[in-house]
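Here is the structure we will look at.
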Amino acid sequence: MNSIFLSLAIKFFMILVTAWIAITFIAANSWSWALAVAVIVTVATYFAGDRFILTRYGNPSATIIEGVLAAFILLIIDFASADLRLTIMSYIIFGLLIAVGEYFFHRYLVEADIVETK
């Protein structure tokens, strides 16, 4: 149980930093938006990407899918909110940074025996 909590904490921190860069630094939105996006993206990508896709299809597929999923979630949040204003560059940077981070995060999950792949 501690290894799952630690992996979620690492993932959340990685996504929070990425959200801060894409949402606060690049698009000049408030810090609270970066925090909210980080929570939502962490939960969604952990269950969809790390627990389902990574275990069945491996790291390359999970990395790409999680980067696209994160950018898509950011797009949905942007459309659903009247206050959040993002640019195309924000979506691209967010998706790419998530994908890069997820590549290394997946390696950690596999090496620490938190998830098993085929």
| field | Shape metrics for the chain, restricted to C-alpha atoms - Rg then Dmax, Å | value | 13.8, 43
| query | Measuring from centroid to centroid over Cα atoms, what is the spacing of region 1-53 and region 60-118 in Å? | reply | 8
| query | How far is it, in nm, from the label point at Met89 to the one at Phe52 when both lie 7 Å from their Cα along the line to the Cβ? | reply | 3.4
| note | For Asn29, other-chain or 5+-apart residues with amide H closer than 5 Å (H placed, Pro excluded) are Thr24
| query | How big, on average over all directions, is the shadow cast by the Cα convex hull of region 61-118, in nm²? | reply | 4.5
| said: Once you keep just the Cα pairs under 8 angstrom separated by 6 or more residues, what percentage relative contact order results for the chain? | reply: 33
| request: Starting from the coordinates of the alpha-carbon atoms of region 28-97, obtain the Kirkwood hydrodynamic radius over all distinct pairs and give the value in Å to one decimal. | output: 12.6
| request: Let me have the 222 nm mean residue ellipticity of the chain computed from DSSP H runs of 4+ only, each contributing -39500 (n - 2.57), with the sum over all residues rounded to the nearest 500. | output: -23500 deg cm²/dmol
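Only the coordinates and a few stated rules stand behind these numbers; no lab work does. Note that this is a predicted model, so its numbers are computed, not measured. Glycine gets a Cβ as well: all are built from the backbone with ideal geometry, and neighbour counts include every protein chain shown.
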